[in-house]
Amino acid sequence: MKNRHNPILISACLLGVNTRYDGTNALHKEIIKKYSHKILIPICPEQLGGLPTPRPKAEVIPPVPSLKKKWKVAVKVININGRDVTKEFTNGANEVLKMAELLGASKAVLKEKSPSCGVNRIYRDGKLVEGTGITARLLKDNGIDIEGVGL
Ligand code: SF4
């Protein structure tokens, strides 16, 4: 059921929670103010996927295909140590989608430039490029409105 009381999922780091790979946050007071009338549900797909904080930086290896429902494979995420963390990233994305469905959330506000949450920009070979993170893509493909913050 979607109505004005439905909560909005939001990248936890935007709320000031220290979930980022380097143990910091990306507090965004303007976005908190913008949605102060809504119930915001903090999510961090990388933590939900079982990764520790802090953790090595990771990048999505192109292409990021459009997949309906759950991530199955066909995409890789590798951290700076060369470890394949695809499973953790896709597990985290699936958990976030599960939360959206459980809570009836039809919108997610996500932190740009992240291999999970990036909506318009992600890093590739250390450079900022056009692209979408794993969780952002899964949510979008399942009809959830995604808004990128922090470009
Ligand atoms: S951008 Fe997403 S995955 Fe990265 S720390 Fe914030 S909530 Fe977690």
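The values are calculated or read from the model by the stated rules, or taken from the named source; none is laboratory data. What you are looking at is a predicted structure, and each value in this text was computed from that prediction instead of being measured. Using ideal geometry, Cβ is built from the backbone for each residue, glycine included, and neighbour counts are taken over all protein chains shown. For the accessible areas, the whole protein counts, side chains as well, though only heavy atoms, and no ligand, DNA or RNA atoms are used. Shrake-Rupley method; radii C 1.70, N 1.55, O 1.52, S 1.80 Å.
Summary table
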item: Near pairs, Cβ below 7 angstrom, 6+ apart or cross-chain, from the range 111-127 (more than 17 Å from residue 145 (Cα to Cα) and without any contact (Cβ under 8 Å) to a residue 40 or more places away in the chain) to any residue that is open to solvent by less than 30 Å² (accessible area, probe 1.4 Å) and part of a strand (DSSP E or B); result: 113/122
item: Tally of residues being in a loop (DSSP other than H, G, I, E, B) and surrounded by 15 or more Cβ atoms within 10 Å (Cβ to Cβ) across the range 85-119; result: 11
item: Single residue of the range 123-151 satisfying the filter (in contact with a helix residue (DSSP H, G or I) (Cβ under 9 Å, 6 or more places away or on another chain), of a type in the set (A, V, I, L, M) and farther than 22 Å from residue 34 by Cα) that is surrounded by the most Cβ atoms within 10 Å (Cβ to Cβ); result: 134
item: Considering residues of the range 5-34 that are closer than 19 Å to residue 139 by Cα and part of a loop (DSSP other than H, G, I, E, B) only, the residue farthest from the ligand (Cβ to nearest atom); result: 6
item: Residue that is surrounded by the fewest Cβ atoms within 10 Å (Cβ to Cβ) [pool: residues in the range 35-57 that are in a loop (DSSP other than H, G, I, E, B), away from the ligand (no atom under 12 Å from the Cβ) and touching a residue at least 24 places away in the same chain (Cβ under 8 Å)]; result: 39
item: Subset of the range 103-130 (residues that are at positive phi and within 14 Å of the ligand (Cβ to nearest atom)); result: 113
item: Candidates 106, 116, filtered to the one that is at pLDDT 95 or above and touching a helix residue (DSSP H, G or I) at 6+ places or on another chain (Cβ under 7 Å); result: 116
